[in-house]
Amino acid sequence: MPAKTYLRILQFGLIGSLFTIFLVFGDLLFPYITSKQLSFNIIIEILFAIWLVFIMRYPEYRPKKNLITYGLLAFFVALFASLPFSVNFNLSFWSNAERMLGIFHILHFLVFYFILITVFRSWKEWQALLMFSVAIATIISLIGLFGANPYSLIGNTAYVSGYLIFNLYFTVILFFRNKTGLRYLYLLPFLIMLLEFKNMHTSGAIIGFSLSILLVFLLIGLSHVQKNVRKYSLIICVAAILIVAGVFSQYKAAWFQNSFLRNLTTQKATFQTRLISWRGAADDFKYHPIFGTGFGNYAIIFDKHFDPSFFNYARSETYFDRAHNNLIDITSTAGAFGLLTYLSIFFGAFYYLIIEFKKNGKRVGPDQNGQKNLEIVIIIALIFAYFIQNLAIFDSFTTYIGLMIILGFIYYLIIERREEEGRNETKGEPLFVIKKSGKEILWLVLLIFIAYLFAYRYNIRPWHTFQGVIKGYNQVSSGDIENGIETYKDSFTGFALDQDGRKTLVNLIAANPSILDSLSPAKAQETLDYVISLAKLNAVDNQYDSLTQMQLAQTYDVAARFNYKDPALFNYYSGEALKTIEYSIEASPRRVPVYLIKAQIQLERSENEDAVNTVKYAETLNPTYADPYCRLAQFYIFLKNEQDLGGELNKCVDLGGVSDIVSDKILSLALNYYAARADYPRALVIAERLAEMYNKDPQVLFNLAKLYLISGQREKAQATVDSAVAIDPKLAFDGQTLMNIKVPVLKK
């Protein structure tokens, strides 16, 4: 087969792989991730087989030696070197369905890079690739701007922002490379992408992109051939710095606090939680300085060093499986070796860019060499923006593709220079050369067949698993439990990614045990035992993961409560739950909610004093966190201990914990408790929570209205009465009577 045919197949194949960004199959688990990555994997594996035959048949097309490639290969060596030290090998190599960022998956981006630098060899070819990338990103932006989801088909605002940073700069490269009036057409996709980028409100990306623009003006101000351009560029740069400094100096002002600008400061809650996470990673580094805990195993570090002050900023999303800082993530999971090799990729890139900049005369300007240097400035700014935004996030499918493209483009600039200087001659006799067309066809058929088998085993079978899991989940949650369980069983293949599917069923039953009520006792017990077996498998695979151990404990607890009439079975399951929750605590000794689960299990076992002491210890971990006080108040209500109830219930209410109580019985008892003691401000908080839960119950609304009247909030009382009457018009007279009653107003 002619070399040109190979080139076109591989070029169209790589361009086609960019279109996987559009894929979102709703019948897959984590569809925004798995749809794209599995499809991309299959395409790249087939292209890899064709590429291998191509470079064996035509060795002159083989990639040339360069520092960027060495850096990429060294980084992957570091990732593989971390595997023997990995806490969870499967997580390092295969990752999970939610991320798909294991070594196996990111190897496909390395293959993408090798094919890219092999087959895109002229500006015309690179122009086509960049134009397709920009066109796809523009469509993605339009879907985000006018579709149902602002994050478009990508599923995460941070991923969208990182993706758009690359394509915004690709558009700029295309603009300056085009010397005709048609170049201004690129302004339209640029503006569309910029609007979508703005709508994402991703702080790290905004800061990174803004600073990169500032860097462009700075570099032009330092290197442009024209004095006026240098002067005005530096003026713009300095003015921008002064304006930004002036705006952010007003961070205490009300207008600033009420604007999006607040999210660009360290006051943002997510930044504070990440700081806590990063401190934990720093504390752990000394235990694994060279090879880390194993690539992708950040959750172990986060659990081990979890700081309860985290709950001062967030009460949800308290499990981090990534550091939300690419450098910290790599350093903590792949060690210093991983960090150094990762940085070596960019050392190589900047080395070549600086060499090119010098060879072009060290100046930016309107001439050919000056325009080449302007392009280098743009590339440097792009890499800078990528680096800065990755200090608050981690790499993803979208950024890996963008990164490989820009690294490949830098390689193209190097090879283009070498060809101009006549320095691309191949030295020595190449190895593994196919000289006969018969052998070529044989190798092509053999390798494509192997690629198919590989793709089927490691991509298509997981695809079927993820489809089956979603189908089984829908069946179980809709009440078709027996068929749903069979669907789950048929879906699992024994592959590492089964863990995500198992987790969906474990969490579903743990959170909704009443689902089992429709089954016979024997069938329900059989189902519970199966779910426990799945939770056990996950716990074995992730024995140092606090969340996985907690899920197993909760499943045991469901089985214990199901068998409460059988003392032997109850004691067995609750004993296993208690033992397992200790493993969860051992993995994350300062994680407050795990202690509350332990206390609940103890209470069910009638170990009342132990349960109370467990919650009291949890209170000491973070005295400003409401949940332990609310839980202990509920325990005291259950135990009818009014003597100790007041202090715990007061802290629960005052710290804002009432909004998380879901038991109407507990809330009603708390409301009566405060009403009996004429503590109407706290009673009002409880009543508002009840009204939030039962906003169609007129009696609940009438009780709330009474408390509004007592508190002097007559307008709210009237509005609440009107809501009750709207539900039941027969209550109009009672409502009017209530509003005419004179009640003493509380003094503030």
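Just so you know, all these numbers are worked out from the coordinates, no wet-lab data involved. Remember, predicted model here, so these are calculated numbers, not experimental data. Heads up, the Cβs are rebuilt from the backbone with ideal geometry, glycines too, and the neighbour counts pull from every protein chain shown.
Of 239, 531, 513, whose Cα points farthest to the positive end of the dipole of the chain (charges on the beta-carbon: +1 Lys, Arg; -1 Asp, Glu; origin at the Cα centre)?
The residue sitting farthest along the positive end of the dipole is 239.
Counting alpha carbon pairs within less than 8 Å and at least 6 residues apart, what relative contact order, in whole percent, applies to segment 272-359?
37 percent
Quick one: grab the alpha carbon gyration tensor of segment 497-590, order the square roots of its eigenvalues as a ≥ b ≥ c, and give me rounded if a/c is under 1.5, else prolate or oblate depending on whether a/b is larger than b/c.
Oblate.
Which of 46, 434, 282 sits farthest toward the positive end of the charge dipole of the chain, with +1 on the Cβ of Lys and Arg and -1 on the Cβ of Asp and Glu?
434
Quick check: pseudo-label points 7 Å beyond the Cα along Cα→Cβ at residue 696 and residue 715, how many nm apart are they?
The modelled label-to-label distance comes out at 3.0 nm.
Just to check I understand the Karplus step: with θ = phi - 60° and J = 6.51 cos²θ - 1.76 cosθ + 1.60, what whole-Hz values come out for segment 240-251, glycine and proline as x?
4, 4, 5, 5, 4, 4, x, 5, 6, 6, 9, 4
Please compute the net charge surrounding residue 484, taking Lys and Arg as +1 and Asp and Glu as -1 over other residues with Cβ under 13 Å from its Cβ.
-1
Here are several values of Cα extents along the principal axes in Å: (i) 94, 65, 53; (ii) 91, 72, 47; (iii) 102, 57, 47. Which one was derived from the coordinates shown?
The value computed from this structure is option (i).
Tell me, in nm to one decimal, what length is gained between residue 243 and residue 80 on full extension, where the rule is 0.36 nm per residue of separation less the Cα-Cα distance?
54.0 nm
Let me check against my output: what whole-number percent is the relative contact order of segment 1-102, with C-alpha pairs under 8 Å and at least 6 apart?
Relative contact order here is 26 percent.
Output the peptides 214-224, 274-284 sorted from most to least packed, where packing is the average of other Cβ atoms within 10 Å over each peptide's residues.
214-224, 274-284
Within segment 588-690, list the GluC sites (Glu not before Pro) lying in a DSSP loop whose Cβ has at most 16 other Cβ atoms in a 10 Å radius.
On the way: sites: 604, 607, 609, 619, 642, 648, 688; in loops: 607.
Here the GluC sites (Glu not before Pro) that fit, given the DSSP loop and packing criteria, are 607.
Once you keep just the Cα pairs under 8 angstrom separated by 6 or more residues, what percentage relative contact order results for the chain?
13 percent
Listed here are the pairs 268/598; 651/706; 198/358; which of them are more than 29 Å apart at the Cα? Working shown, then result.
Values: 268/598 32 Å; 651/706 24 Å; 198/358 36 Å.
Beyond 29 Å: 268/598; 198/358.
Of the listed peptides 28-35, 377-384, 345-352, what is their order by residue-averaged count of other C-beta atoms within 10 Å, with the highest listed first?
Highest to lowest by the protection proxy: 28-35, 377-384, 345-352.
Pick out, in residue order, every one of the trypsin sites (Lys or Arg not before Pro) in segment 286-356 that is DSSP loop and has at most 15 other C-beta atoms within 10 Å; say none if there are none.
286
Run the numbers for residue 343 and residue 606: contour at 0.36 nm per residue of separation, minus the present Cα-Cα distance, in nm. Show your work: numbers first, answer last.
On the way: separation 263, 0.36 × 263 = 94.68 nm, distance 5.67 nm.
Stretched fully, the residue 343-residue 606 segment lengthens by 89.0 nm.
Given Cβ point charges of +1 (Lys, Arg) and -1 (Asp, Glu) and nothing else, what value in debye, to the nearest 20, does the dipole of the chain about its Cα centre take?
So the dipole magnitude of the chain works out to roughly 3140 debye.
Using 0.36 nm per residue of separation minus the Cα-Cα distance, give me the extension gain between residue 222 and residue 89 in nm, one decimal.
43.0 nm
Quick one: if you stick a label point 7 Å off each Cα along the C-beta vector at residue 460 and residue 448, how many nm between them?
It is 1.5 nm.
Which of rounded, prolate, oblate describes segment 191-285, given a ≥ b ≥ c as roots of the alpha-carbon gyration tensor eigenvalues and a/c under 1.5 marking rounded, otherwise prolate only if a/b is larger than b/c?
Taking the square roots of the gyration eigenvalues as a ≥ b ≥ c, segment 191-285 is prolate.
Ranked highest first by the average count of other Cβ atoms within 10 Å around their residues, in what order do 395-405, 360-370, 579-589 fall?
Working: 395-405: 22.8, 360-370: 16.5, 579-589: 20.0.
With the highest mean Cβ count within 10 Å placed first, the list reads 395-405, 579-589, 360-370.
If each of residue 511 and residue 12 carries a label point 7 Å out from its Cα toward its Cβ, how far apart are those two points in nm?
In this crude label model, residue 511 to residue 12 measures out at 4.5 nm.
Return the calculated 222 nm mean residue ellipticity for the chain, to the nearest 500 deg cm²/dmol, obtained by summing -39500 (n - 2.57) across DSSP H runs with n ≥ 4 and dividing by the residue count.
-23500 deg cm²/dmol
Using only the alpha-carbon atoms, how far is helix 203-223 inclined from the longest principal axis of the chain? Give it as 0 to 90 degrees, nearest 10.
30 degrees
Grab the beta carbon distance between residue 210 and residue 283, set R0 = 35 Å, and tell me the FRET efficiency rounded to 0.05.
0.65
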